[in-house]
1. Residues ILE16, ILE56: which one is in contact (Cβ under 8 Å) with a residue 60 or more places away in the chain and within 15 Å of the chain's Cα centre (by Cα)?
2. Specify which of the listed residues (ASP175, ASP217, ASP245) is surrounded by 12 or more Cβ atoms within 10 Å (Cβ to Cβ) and at pLDDT 85 or above.
3. Would it be correct to say that ILE164 is surrounded by fewer than 18 Cβ atoms within 10 Å (Cβ to Cβ), part of a helix (DSSP H, G or I) and either at pLDDT below 80 or hydroxyl-bearing (Ser, Thr, Tyr) (or both)?
4. On the given criteria, is ARG184 over 22 Å from ILE33 (Cα atoms) and either touching a strand residue (DSSP E or B) at 6+ places or on another chain (Cβ under 9 Å) or without any contact (Cβ under 8 Å) to a residue 12 or more places away in the chain (or both)?
5. Consider LEU20 carefully, then state whether it is aliphatic (A, V, I, L, M) and open to solvent by less than 30 Å² (accessible area, probe 1.4 Å).
6. Determine which single condition PHE128 fails, assuming it passes every other condition in (1) within 19 Å of the chain's Cα centre (by Cα); (2) under 30 Å from ASP89 (Cβ atoms).
7. Under 25 Å from LYS25 (Cα atoms), in a helix (DSSP H, G or I) and of a type in the set (A, V, I, L, M): is that true of LEU135 in this structure?
8. Can you confirm whether the range 107-121 contains a residue that is surrounded by fewer than 17 Cβ atoms within 10 Å (Cβ to Cβ), without any contact (Cβ under 8 Å) to a residue 24 or more places away in the chain and either polar (S, T, N, Q) or not in a loop (DSSP other than H, G, I, E, B) (or both)?
Amino acid sequence: MLQDITLGQFFPGKSILHRLDPRTKIILLFALIIVTFTAQGWTAYFMLIIVTAGLIFLSKVPPLTVLKSIKPLVWIILFTLLIHFVSHDGEVLIKVYVFKVTVEGIIYGVQISLRLVLLIVLSSLLTFTTSPLQLTDATEKLLSPLKKFGVPAHELAMMMTIAIRFVPTLLEEMDKIIKAQKSRGLDFDSGGFVKRLRAMVPILIPLFLSSFRRADDLAMAMEARCYRGGEGRTHMKQLCLTRKDFCAALAVISICAAVGGLSYAAGK
């Protein structure tokens with residue numbers, strides 16, 4: 001299960017998505033997410049699925065690796081699907097006690113589940129094709145107008161990127177702790193809920209200690225390199241928009257307009 005969590009992983013490459021400016025990718029991701037959550041009608045959803053599949057192909061990241069990002073949240077998606085099955089009025093297909101599965105509930109549940117899947121896949125493509133350093137620089141640049149209002153843009157971007165960066169590291173550390181505790185005879189799979197909850201204590205305590213130790217090492221490393229925040233800092237590689245970014249923006253705007261038109265037509 002831990003190996004299936006891909007948040008924060010970066011796959012180096014030279015694909016079209018890798019070469020785009022990170023600011024462009026973040027802005028276009030938000031645009032696609034907004035369109036995904038406002039889409040209506042199966043034609044609009046089909047178009048979004050085709051677009052997402054095309055982005056996976058352009059990223060050159062293995063499709064199974066991208067789809068693996070859905071696995072940790074599959075129970076949430078199934079639970080959402082089940083809730084919508086029985087929470088909408090309409091033509092009843094199945095009735096079990098007070099629960100009624102309706103045609104409208106199935107349609108709406110499938111659409112909501114598709115939205116969640118597309119959201120996860122699109123967000124994963126951003127981290128797969130953008131390094132943590134690029135994410136930090138892009139987030140800082142996008143938040144820089146808020147500096148006039150006293151918002152610490154650089155510090156916020158740094159904290160967010162460090163948090164995303166250390167997710168795979170902490171998961172790897174947790175996996176090592178679980179294997180070490182199992183080799184000592186600790187049982188995680190048998191017993192009731194309370195017993196399993198108590199069995200998590202020998203995992204959480206070493207994990208917290210390891211996290212604090214890594215945070216302290218990171219702080220010392222940043223101080224040793226004379227890190228003093230974003231004030232007066234310069235960047236070795238400057239972000240620069242190119243023709244590829246404008247073409248990508250034009251393509252996404254066209255897709256958003258097409259999906260919006262299909263959704264409007266379906267809502268009539």
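1. Just one listed residue meets the conditions, ILE56.
2. ASP245
3. Answer is yes for this residue.
4. So ARG184 fits the description; yes.
5. Taking the combined requirement at face value, the residue satisfies it.
6. Against the list (1) within 19 Å of the chain's Cα centre (by Cα); (2) under 30 Å from ASP89 (Cβ atoms), PHE128 comes up short only on (2).
7. Considered against the rule, which asks whether it is under 25 Å from LYS25 (Cα atoms), in a helix (DSSP H, G or I) and of a type in the set (A, V, I, L, M), LEU135 comes out as yes.
8. yes
The values are calculated or read from the model by the stated rules, or taken from the named source; none is laboratory data. Predicted, not measured: the structure shown is a model, and the values here were computed from it. Cβ: placed from backbone, ideal geometry, glycine included. Neighbour counts: every protein chain shown. For the accessible areas, the whole protein counts, side chains as well, though only heavy atoms, and no ligand, DNA or RNA atoms are used. Shrake-Rupley method; radii C 1.70, N 1.55, O 1.52, S 1.80 Å.
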